[in-house]
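The numbers here are math on the coordinates, done by the rules we state, and not lab data. Predicted model only: the values in this text are computed from it and were never measured. Cβ coordinates were reconstructed from backbone atoms using ideal geometry, including for glycine residues, and neighbour counts include every protein chain displayed.
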Amino acid sequence: MIRTTRRALLATPLAAPIAARAQQGAGRLVIIGGGFGGASAARFARDRYPNLDVTLIERSRSFTTCPYGNLVLAGRRDVASITFTYDRLAARGVRMVFQAAAAVDAQRRVVRLADGAEVPYDKLVMSPGIDLRWGAIEGYDEAASARMPHGWVPSLQPITLLARQLAEMPDGQNFVIAIPDNPFRCPPGPYERISMVAEYLKRHKPRSKVIALDAKNGFSKQPLFTDAWAELYPGIVEWRGASQDGRVMRVHPATMEVETEFGERVRGGAVNIIPPQMAARIARDAGLANDSGWCPIRPTTFESTLVPNVFVVGDATIAAPMPKSGFVASSHAKHAVSVAAAQLARREGPAPVFFNTCYSHVGPDYGISIVGVFRAEPARLIEVPNSGGISPRNNALGARAAEHRRLEAIYADGWYEAITREMFALD
Ligand SMILES: Cc1cc2nc3c(=O)[nH]c(=O)nc-3n(C[C@H](O)[C@H](O)[C@H](O)COP(=O)(O)OP(=O)(O)OC[C@H]3O[C@@H](n4cnc5c(N)ncnc54)[C@H](O)[C@@H]3O)c2cc1C
C-alpha cells in the first residue's frame, strides 16, 4: 500500500519526463499571496495555461480588499461586501494551500510552509504585499496601532477598528491622519480616506474636522482632491504638507497625540497613522528585497534580479513610475505568468504593456481617476507619453462637472466589480 501524506503529495513531482513537460508548457507554478497580484495570477494561469499545475499559498481563508475600505469607514459599504473567498478559484482547479509561507529555498525550488511541509515549484510568483515599518515613526509599534489604527493592510488589521473609533469619536473632536512619504501603497488612498471621513463628519459630527499631516508636499490628483474638499467640505479638511510642519515624527498613544518635526503636538479623537512601508516579510526573508526594503525586478519580465526562477509582482516591487495599486498588481501578475509559462515551454515571453486606473471616491456620486499605460525597456519602466491622464478639473468641465463626477463614481464601482470578479473567478 502506498501511504500518501499531505507533505508527500505536495512534494510529488509531475510524472511526465522533463522534455515532454516542456513541450506541453507544463510545470509547477506556485504563487505566494492571494491578493490583487496573487489571485489574478492564479486565475489567469488556470484559464490560459491548462498544462500548468497552479498552487496558491495564502495565509487567510478570505481576502478583504483595501479598495472600498474607505467607503466602509464612511459607513457607505459593509465589510462583507468587500470580502471574498477562494472557493471559486479552487473549483476552477487552483490548488489552495491556506498557510503562511515561512521560507523559500531557491536552490531546491521549494516553499516551506508554517507547518514545515514543502511545496516544490518550477516557477514561483510572489505577491505578498507590504509590511509596515514599525518604529519608523517613534512610538508607533504594533501595540500603538491598536489605539491609533493604520487601517492600511486588512490582513493585519481590519478596517472596522478605525471605523469604530471614528463612530465613537465625540462631535467636536478631530480625526487626525498621518500620511507617509513615497513610495507607499496606493498613492491616492490617503486622500480618498480624508474625503470619505469628511463626508461622514459632515453628516454625523458637523463640529469635527479632518487634520491631515503629510510627510510630503504634493500628492496624487492633488488639484482634483483640493477642489472637491473646497466644494464639498468647506472648513472640514485641513491638509498640511512637509513644508508646513506636516511630517509626523512621534506618536503618544496614551494621550492620542502625534508630534510633528518641529515639536507641535496635535490631539485627535481618532488617530489614523499610515506609517512608512516595505515589502512583506516573506519577500525580504527570501532575499528578494534590496536595502530599500523593496524588491528589484527585471522590467521586461518581472523576474527578481536577486533570486532565479522567482517573479515578484504587486506592491512588493520596485516598479516606478507605476504606482502601488491593485490594478497594477494584477497587470504585473498576468505578465509574469505569461513569461513563466513561456520559459517553461522554452519560448520567448511576450513584450509587456501594463495598465493602471485608480479611481477615488471623493463624495457620494463624485468620482475622480488617474490612468496610465506603461511599457518596459531593458533597464527601466516608462509611462507611455499621452496614453493616460487624470480627470479634468471642474473649471474645465463647466456645466458638465456634476454629471462627469457622477459617471466616474459609477465607473469606479464597475472597475471594482470587474476586477474582484476576475480575481476570485466569480464569473
Ligand atoms: C485604502 C486603500 C484604498 C485602495 N484603493 C485602491 C483602488 O481604488 N484601486 C487600486 O487599484 N488599488 C487600490 N489600493 C491598493 C491595493 O490595495 C494594493 O496595491 C494591492 O492590494 C496590492 O496587491 P498585492 O498582491 O501586492 O498585495 P495584497 O493585495 O495585499 O495581497 C497580499 C496577500 O499576501 C498574503 N500574504 C502575505 N504574506 C504571506 C505569507 N508569508 N504567506 C502566505 N500569504 C501571505 C496576504 O495575506 C495577502 O492576502 C488601495 C489601498 C488602500 C490601502
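Computing FRET efficiency as 1/(1 + (r/R0)^6) for MET249 and ARG406, where r is the C-beta to C-beta distance and R0 is 45 Å, gives about 0.65. Using a simple spin-label model with pseudo-atoms 7 Å out from Cα toward Cβ, ALA320 and TRP134 lie 2.8 nm apart.
Measuring r between the beta carbons of GLU231 and GLN107 and using R0 = 60 Å, the FRET efficiency lands at 0.55. Phi angles across the stretch 412-427 convert, under the Karplus curve 6.51 cos²θ - 1.76 cosθ + 1.60 with θ = phi - 60°, into 3J(HN,Hα) values of 4, 4, x, 4, 4, 4, 5, 6, 6, 5, 5, 4, 9, 6, 8, 9 Hz, Gly and Pro given as x.
Basic side chains Lys and Arg get +1 at the Cβ, acidic Asp and Glu get -1 at the Cβ, and with that the dipole of the chain about its Cα centre reaches some 1040 debye.
Under 5 Å between amide hydrogens, built in the peptide plane, is the criterion, and for SER208 it picks out GLY172 among residues at least 5 positions away or on other chains.
Computed from backbone phi, the HN-Hα couplings of the stretch 222-234 come to 3, x, 5, 5, 5, 4, 5, 4, 5, 6, 9, 10, x Hz, rounded to whole numbers (Karplus: 6.51 cos²θ - 1.76 cosθ + 1.60, θ = phi - 60°; Gly and Pro given as x).
Given a Förster distance of 41 angstrom, what is the FRET efficiency for ASN309 paired with ALA396, based on the Cβ-Cβ distance and rounded to 0.05?
After rounding to 0.05, the efficiency reads 0.25.
Relative to the longest principal axis of the Cα atoms of the chain, helix 189-204 runs at roughly 50 degrees. Sorted ascending by nearby beta carbons within 10 Å, beginning with the fewest, PHE63, PHE175 become PHE63, PHE175. Here, the stretch 133-277 yields an orientationally averaged convex hull projection of 7.7 nm² when only Cα atoms define the hull.
Look at the alpha carbon pairs under 8 Å that are at least 6 residues apart: their mean separation over the length of the stretch 289-418 gives a relative contact order of 20 percent.
Amide H to amide H distances under 5 Å link TRP294 with ALA279, where only residues 5 or more positions off or on other chains count and H is placed in the peptide plane. A straight Cα-to-Cα reach below 21 Å connects LYS216 with the lysines LYS324, residues fewer than 8 places away in its own chain not being considered.
Here LYS221 is the anchor, and the aspartates and glutamates within straight C-alpha reach of less than 15 Å, apart from those fewer than 8 places off in the same chain, are GLU192, GLU408. By the count of neighbouring beta-carbon atoms within 10 Å, fewest first, SER304, SER338, SER62, SER195 end up ordered SER62, SER338, SER304, SER195. Ranked for footprinting exposure by Cβ neighbours inside 10 Å, fewest first, HIS204, HIS150, HIS332, HIS252 give HIS204, HIS252, HIS150, HIS332.
The alpha-carbon positions of the stretch 284-390 define a convex hull whose volume is 116 Å³ per residue.
Pairwise Cα distances in the chain exceed 39 Å for 21 percent of all pairs. Scanning residues 5 or more positions from VAL104 or on other chains, those with amide H under 5 Å from its amide H are ARG112, with H placed 1.01 Å from N in the peptide plane.
The relative contact order of the stretch 133-277, computed from alpha carbon pairs under 8 Å that lie at least 6 residues apart in sequence, is 35 percent.
The string of couplings for the stretch 301-313 from the Karplus curve (6.51, -1.76, 1.60, θ = phi - 60°) is 10, 6, 6, 4, 7, 10, 10, x, 6, 10, 9, 10, 9 Hz, one whole number per residue in order, with x for Gly and Pro.
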